[in-house]
Amino acid sequence: MELSPIRNMQAAADYVSQQPRSNRVVIYGDEDVDGVCSVMIVKEALGRLGFKQIETLFCLHETEGHGFSLKALDFIKDKAPALLILVDLGISDNKGIAKARELGFEVLVIDHHEPLSPELPPANFIINPKHPADSYHFKQLAAAGLCYHFARWLLQDDPDFDLLDEQLVRLAGLATIADMMPLEHDNMVIVNRMMDLLPSTSQVALRALLDRYLTKEKTLKEAIHQIIATLNASQVNQQRQAESFLLLTEDKPARAVKIIQTLESRWREYLVLREEIILEAQQRLNEESLEEVIFVGGENWPRRVIAAVASRLADEYNRPAFVYSQMAKMTRGSVRSPEKIDCVALMSACSEHLTNFGGHPPAGGFEIKNENLQKFRLCLIENYRQLYG
Ligand SMILES: [Mn+2]
């Protein structure tokens, strides 16, 4: 595979390579599988380069939403001066990044989300194919795919890179599937290599997961989806450590199996909860006349199920589904839309009502003050008619 020509890959890799190895590095990532794999890839690469002080932390979705918030910065501010690497988030976190620079962090953003405003955050380097100045032809890499390419830049002179390369591409491939990125171009190369290399892995957690899921009746693809489902049941604790990260970095098989069992039992609880909420949503939709855009939610609908509920409703009713969880003042929601309908475009057209939003054409998320919910709903319907009616 060639070194990726994505903008800033080389410049950022040169910059990192020139840092004294005793410098502190903080890697901060999203809590989902893509974020966790991204953190792992960057951590492995920097460790291989000889960095001694690497800390890894994750975003608390449930309470802070997506991104690098001022609260997150508060948590890490004592670690400055340091190199702060934000992965799978950061591209729209102008405030948090500006403040981090003031506090003495040098900031590298490796993100694949669409920038929400034309003004980009004041990071030292931004790697994001969706950056307006990036001319790379393929924009749909997962964050872990970007991190993998970055690792290749960092370790291009390492004579023993091959073994590590296999380890990293497995993570990048899993993340690409978990993030539902289109399986074409670079993604296809990464995912095909992962499929070839996964069954032979000796990495403790992946080995334990495969031993459980890759049974005689199951295809490799099915086993991979089960691995991702288990990893997705992970939570982040108050120290901002993600269980899935602890699992994937565990080197004792018995302990890995214990973490897997915890995640599996949480996954089963999650499935029950998800079906309850889907049923409630369907009942409500069937009582009312169906609109072009599904907009449904509830007070304290658990945030971790709403993305899956949106996905089910979008499939079943074949229209964009906005599903939300309403809290005291704020509401957070997830969107899924059928093929050819761009949910980010719909939200952009109504962004005046939102406090935050983001995502890709088929899947996204939003954050809104409760008082604007109905205005947002009407705006979505109106714009849907204009764009797709
Ligand atoms: Mn991602």
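Check Glu243, Glu217, Glu222 and return the single one that is without any contact (Cβ under 8 Å) to a residue 60 or more places away in the chain, open to solvent by less than 70 Å² (accessible area, probe 1.4 Å) and among the charged types (D, E, K, R). Every option except Glu243 fails the conditions.
Exactly one residue out of Phe295, Phe357 is more than 19 Å from the chain's Cα centre (by Cα) and crowded, with 16+ Cβ neighbours inside 10 Å: that is Phe295.
Glu217 fails exactly one of the following numbered conditions: (1) in contact with a helix residue (DSSP H, G or I) (Cβ under 8 Å, 6 or more places away or on another chain); (2) outside the structural domain of Met40 (by TED's automatic domain parsing); (3) charged (D, E, K, R). What is the number of that condition? Unmet condition: (1).
Within the stretch 176-193, residues that are in contact (Cβ under 8 Å) with a residue 12 or more places away in the chain sit with their Cβ atoms under 8 Å from residues that are surrounded by fewer than 21 Cβ atoms within 10 Å (Cβ to Cβ) and assigned to a helix (DSSP H, G or I), at 6+ positions apart or across chains, in these pairs: Ile177/His225; Ile177/Ile228; Ala178/Ile228; Ala178/Asn232. Among residues of the stretch 25-77 being part of a strand (DSSP E or B) and within 16 Å of the ligand (Cβ to nearest atom), the one that is surrounded by the fewest Cβ atoms within 10 Å (Cβ to Cβ) is Ile27. Within the stretch 26-39, residues that are more than 18 Å from Ile97 (Cβ to Cβ) and of a type in the set (D, E, K, R) have Cβ atoms under 8 Å from residues that are open to solvent by less than 10 Å² (accessible area, probe 1.4 Å) and modelled with pLDDT under 95 in these pairs: Glu31/Cys59, counting only partners at least 6 apart in sequence or on another chain. Total residues in the stretch 325-341 satisfying the condition of being aliphatic (A, V, I, L, M) and either at pLDDT below 95 or open to solvent by 30 Å² or more (accessible area, probe 1.4 Å) (or both): the figure is 3. Evaluation of Ser22 against the conditions (1) buried (at least 19 other Cβ atoms within 10 Å of the Cβ); (2) more than 16 Å from the ligand (Cβ to nearest atom) shows that the sole unmet condition is (1). Among residues of the stretch 139-153 that are among the hydroxyl-bearing types (Ser, Thr, Tyr), those with a beta-carbon under 6 Å from a residue that is assigned to a helix (DSSP H, G or I) and within 15 Å of the ligand (Cβ to nearest atom) at least six positions away or on a different chain give the pairs Tyr148/Ile41; Tyr148/Ala172. Of all residues in the stretch 331-361, those satisfying the criterion of being among the acidic types (Asp, Glu) and over 15 Å from Glu371 (Cβ atoms) are Glu339, Asp342. One residue is enough: does the stretch 278-287 have a residue meeting the conditions closer than 21 Å to Thr63 by Cβ and either surrounded by fewer than 20 Cβ atoms within 10 Å (Cβ to Cβ) or of a type in the set (D, E, K, R) (or both)? No: zero hits. Selection of the stretch 134-167 for residues being more than 16 Å from the ligand (Cβ to nearest atom) and assigned to a helix (DSSP H, G or I) yields Ala151, Arg152, Trp153, Leu154, Phe161, Asp162, Leu163, Leu164, Asp165, Glu166, Gln167.
Scanning the stretch 139-162 for residues that are hydrophobic (A, V, I, L, M, F, W, C) and at pLDDT below 95 yields a single hit, Phe161.
The values are calculated or read from the model by the stated rules, or taken from the named source; none is laboratory data. Just so you know, these numbers come straight off a predicted model, no measurement behind them. Glycine also receives a Cβ, built like all others from the backbone with ideal geometry; neighbour counts cover every protein chain displayed. Surface accessibility is based on the protein's heavy atoms, side chains included, excluding ligands, DNA and RNA. Shrake-Rupley method; radii C 1.70, N 1.55, O 1.52, S 1.80 Å.
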